[in-house]
Amino acid sequence: MKKTLNWWDLIWFGIGAVIGAGIFVLTGLEAKEHAGPAVVLSYVVSGVSALLSVFCYTEFAVEIPVAGGSFAYLRVELGDFMAFIAAGNILLEYVIGGAAVARSWTSYFATLCNHGSNDFRIVADGFKEDYKYLDPIAVVVIIGICFLAVLSTKGSSRLNYIASIVHVIVILFIIIAGLTKADTKNYEDFAPFGPRGVFQASAVLFFAYVGFDAVSTMAEETKNPGKDIPIGLVGSMVITTFLYCLLAVTLCLMQPFGDIDKDAPFSVAFEAVGMGWAKYIVAAGALKGMTSVLLVGAVGQARYLTHIARTHMVPPWFAQVDGKTGTPVNATVTMLAATAVIAFFTSLDVLADLLSISTLFIFSLVAIALLVRRYYVSGVTTQANRNKFIACLVLIVGSSIATSVYWSKTDKWTAYVVTAPLWFLGTLGIWILVPQARNPKLWGVPLVPWLPSLSVAINIFLLGSIDHVSFIRFAVWTVIILVYYFFFGLHASYDTAKDSLMKRLEAGTNLELKKADAAEVYAPSAARDSRLDGKSGSNTSAHPAS
């Protein structure tokens, strides 16, 4: 693909990918039902978790600058099987995320037109409650995004750049204008649902951060990955987290948390404080932000599918890049078609919970893969160090899972006295007992192994705050992709790898022959004659020296 992007493009891609439906819709939902004004702490927790994951993604994106993102990183470090499981969830994440944003786009568009959030949807009474509001506007929006995404990556970057600037201006307007109507009495009951509510909201609000990994998929199109990717990824995440916290504080100061509207919280809040005219600015800004999220998501998800198709785990037809536009048209159209189908009938709350599971699962795998990358290299790491590393890694993951399960079952804290020290001992063991087998060449994550280990612990812990129904949906999807992998993907990728090996062997043999021929041509005549003599004595006798 064409190398056209720099760090400035990536920062705005990151902001455009992240700030959208999550902050403008889920903030109100989680403040009202789970966290109250403490929703700002929920954003801090999910923001810290996302930032730790950003560091892990950044090292991989710099060291392995290809379009495959986390799929490529996991395939290198954990093998094809884990990479494919992650790939299925990555694609699910993008489809669900795009569908959720498209449905939120319809809600804010209805608000802009002085209608209720479901007024522009078709009600299918025969369907279940979570699936009966059919959304044709979301489908039309996705089709428009599809046309933009297939035209040009640089063009998408410029459009996103302009839209994101407008979006940031609107966000600043919301913060400044909203704080003029702040009432500190609304913060008197700061955490009405307690710590459980804060972390439960954090798990769902992770939805608001998921777009940043789309930036890492653009590494192949980045001019200077060693500089541009760290600045672009980390810079956009820090800016985004800061703005999220300010927006959450502003919303809860404008209205008591019990009065917040779940579908269009900021627009309704301005109307409630006597600034009805401002809701149009808010709605327009939200639409701008969600359009950017859809556009960057469309660009990122197509590049994921493209890289997966290059391995033949899915049909290679998806890997074709159009010669004129330099974009993967087949992958883009296919992914957005799936997004449009889901967006047509599935409600936001169902999508948000399922999306959070997939995202937290993938981020945990990426952090584990970074530890593997640093501490295990075949042929370099001794068997003793390998065994110590595996034992410590099992301790880290096992203690994190135990903490998460315990948190999901009870409000007591007794088990944390055991699980937290076990996590600490596992991380300390890697730090002290296992030497690093590989150092990054261009840019590396600081505080290894502590930072990636903490990322694993937080991500798995947040999984314990998601409802069990979402885990059932997640399990069903995992079974589907496993069936596909064992019956189709495994064989196709094996055949591709075998063909690739044969081609490399043939290329190596041909190269040796070419080197021998070159030596034959340029060797001194006496040496050449002596080799000929050694090969065939009859030749020399038939042609005596003159």
Accessible area per residue in Å² at 1.4 Å probe, computed on segment 193-301: 27 Å²
Pairwise centroid distance, computed over Cα atoms, of segment 254-295 with segment 110-147, Å: 18 Å
Tail fraction, Cα-Cα pairs, segment 93-142, threshold 17 Å, whole percent: 35 percent
Extension gain, V377 back to Y484 (0.36 nm per residue minus Cα-Cα distance, nm): 35.5 nm
Kirkwood-type radius of segment 1-140, with distances r between different C-alpha atoms, in Å: 18.2 Å
Rounded D (µm²/s) - segment 53-104, Kirkwood Rh over Cα pairs, Stokes-Einstein at 37 °C, 0.692 mPa s: 276 µm²/s
Ordering of 463-476, 260-273 by packing [mean C-beta count within 10 Å, highest first]: 260-273, 463-476
With 10 Å bins from 0: P(r) over segment 407-455, alpha-carbon pairs, percent: 20, 40, 24, 12, 3
Packing rank of 243-256, 84-97, 134-147, where each peptide gets the mean count of other beta carbons within 10 Å, highest leading: 84-97, 243-256, 134-147
Rounded to the nearest 20 debye, dipole of segment 168-278 from Cβ charges on Lys, Arg, Asp, Glu: 220 debye
Entries in K288/K409; K181/K262; K227/K279 that, when Cα-Cα distance is taken, lie over 30 Å: K288/K409; K227/K279
Selected from F318, G285, L233, residue furthest toward positive end of dipole (segment 190-335; charges at beta carbon): F318
Segment A384-K409, extension gain: residue separation times 0.36 nm, minus the distance between their alpha carbons: 5.2 nm
Values of log10 I(q)/I(0), in the order q = 0.17, 0.18 Å⁻¹, for segment 275-413 under a Debye, Cα-only, solvent-free model: -1.11, -1.13
Cβ-Cβ FRET estimate between K227 and V341, R0 fixed at 30 Å, reported to 0.05: 0.15
Contour minus Cα-Cα distance for I176 and I162 (0.36 nm per residue): 2.9 nm
Nearest-20 debye value, segment 1-149 charge dipole, Cβ charges on Lys, Arg, Asp, Glu: 280 debye
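The values are calculated or read from the model by the stated rules, or taken from the named source; none is laboratory data. Since this is a predicted model, take the numbers as computed values, not measurements. Here the Cβ is made from the backbone with ideal geometry for all residues, glycine too, and neighbour counts use every protein chain on show. These area figures cover heavy atoms from the full protein model, side chains too; ligands, DNA and RNA do not enter into them. Shrake-Rupley method; radii C 1.70, N 1.55, O 1.52, S 1.80 Å.
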